[in-house]
Amino acid sequence: MVMTETQRTTLYSQLIDAIGQEAARTLMEQLPPMGWDQVATKEDVKASEKMLLREIRSSETRVLGELKESEGRLMIQIADSESRQGARIDETNTRIDGMNTRLDARIDGTNTRIDETNRELSELKGEVRTGFADLKLALAKQVRWLAAVVIGFAAAMAVPLTLALL
């Protein structure tokens with residue numbers, strides 16, 4: 001039977017009269033605030049502990065399962081991202097290879113033109129040397145001819161002048 005607050009107060013008053021205030025207070029503190037049917041036994045605590053442990057294990061299993069599922073989804077996303085990045089890198093490498101091929105072709109073309117220009121300059125150098133040699137020879141002939149003309153003119157003038165001075 002559950003004791004009401006009025007019954008508790010009455011009991012306390014009667015205990016004070018019977019055993020004194022200090023002993024009555026000590027005794028009342030030993031009584032539960034509700035009925036004895038509401039007091040938990042060791043078996044009740046153990047049963048609650050077992051139930052709580054089962055709930056914790058169940059929650060732990062559920063959380064671990066959710067974590068593994070999330071980890072699996074994350075791994076798939078990472079693999080997908082790596083695959084996309086790898087494809088982008090491959091595409092970029094292909095474009096770079098194409099640019100390198102075109103650049104190599106242009107460099108080869110430029111080198112070919114430089115080689116042709118060097119060959120032409122070498123030929124022109126030979127022609128200029130030959131031309132200068134021919135020009136020197138022609139100039140030497142002209143100088144000899146001019147010298148002969150001047151000597152001949154001087155000789156032609158010297159004879160009448162010598163005769164006129166005599």
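The values are calculated or read from the model by the stated rules, or taken from the named source; none is laboratory data. In this text the structure is predicted, and so the values were computed from the model without any measurement. Reconstructed Cβ throughout: ideal geometry from the backbone, glycine too, with neighbour counts over all protein chains shown.
Couple of notes before you dig in:
- Per the listing Thr10, Thr117, Thr110, the residue uniquely assigned to a helix (DSSP H, G or I), out of contact with any Gly (no Cβ under 8 Å at 6 or more places or on another chain), among the hydroxyl-bearing types (Ser, Thr, Tyr) and at pLDDT below 95 is Thr10.
- Any chance Met51 is surrounded by 10 or more Cβ atoms within 10 Å (Cβ to Cβ), under 30 Å from Met3 (Cβ atoms) and of a type in the set (A, V, I, L, M): yes
- Residue match in segment 34-48 (condition: over 30 Å from Glu5 (Cβ atoms), among the aliphatic types (A, V, I, L, M) and within 50 Å of the chain's Cα centre (by Cα)): no
Residue-by-condition table, conditions (1) at pLDDT below 95; (2) acidic (Asp, Glu); (3) surrounded by 10 or more Cβ atoms within 10 Å (Cβ to Cβ):
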| residue | (1), (2), (3) |
| --- | --- |
| Glu5 | yes, yes, no |
| Glu29 | yes, yes, no |
| Val39 | yes, no, yes |
| Ile96 | no, no, yes |
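- Every pair of residues 6+ apart whose Cβ atoms lie under 8 Å, when the first sits in segment 14-31 and is free of Cβ contacts under 8 Å to residues at least 40 places away in the same chain and at negative phi while the second is surrounded by fewer than 11 Cβ atoms within 10 Å (Cβ to Cβ) and assigned to a helix (DSSP H, G or I): Ala24/Ala18
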